[in-house]
Amino acid sequence: MLSKIRIVDLSRVLSGPFCTRMLADMGAEIIKIESISGDPMRFYPPFKGKHSSYFTQWNAGKKSLCLDLTSDEGLEIIKKLVGESDIVL
């Protein structure tokens, strides 16, 4: 349904990841941007093995990219991604 839509996802915690998970389920390409240390929700219980069940549930079906948005290189990458995307969340 949304297979031609690309979304850059800068969201964290619940509402943003939930929104983009639904859009991914409908076929959109989601590129989740995380800080170099990773999304804080990766470290929230409950865990299945080493993986946060919460993080896995709301971020399935997405591509993930860690960027340092305080660096020039990180800013150039995000600017390029935003320019090539349909939606920024």
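The values are calculated or read from the model by the stated rules, or taken from the named source; none is laboratory data. Given the structure is predicted, the values throughout are model-derived calculations rather than measurements. Because the Cβ atoms are built from the backbone with ideal geometry, glycine has one as well, and the counts that use them run over all protein chains shown. For accessibility, only protein heavy atoms count, side chains too; no ligands or nucleic acids. Shrake-Rupley method; radii C 1.70, N 1.55, O 1.52, S 1.80 Å.
So here's what we get for this one:
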| read-out | value |
| --- | --- |
| Residue that is nearest to S64 (Cα to Cα) [pool: residues in region 1-51 that are in contact (Cβ under 8 Å) with a residue 40 or more places away in the chain and in contact with a Pro (Cβ under 8 Å, 6 or more places away or on another chain)] | D9 |
| Some residue of region 10-25 being modelled with pLDDT of 95 or more, open to solvent by 70 Å² or more (accessible area, probe 1.4 Å) and of a type in the set (A, V, I, L, M) | yes |
| Residue match in region 54-77 (condition: surrounded by 13 or more Cβ atoms within 10 Å (Cβ to Cβ), of a type in the set (A, V, I, L, M, F, W, C) and at positive phi) | no |
| Sole residue being within 18 Å of S85 (Cα to Cα) and of a type in the set (S, T, Y), chosen from S52, S64 | S64 |
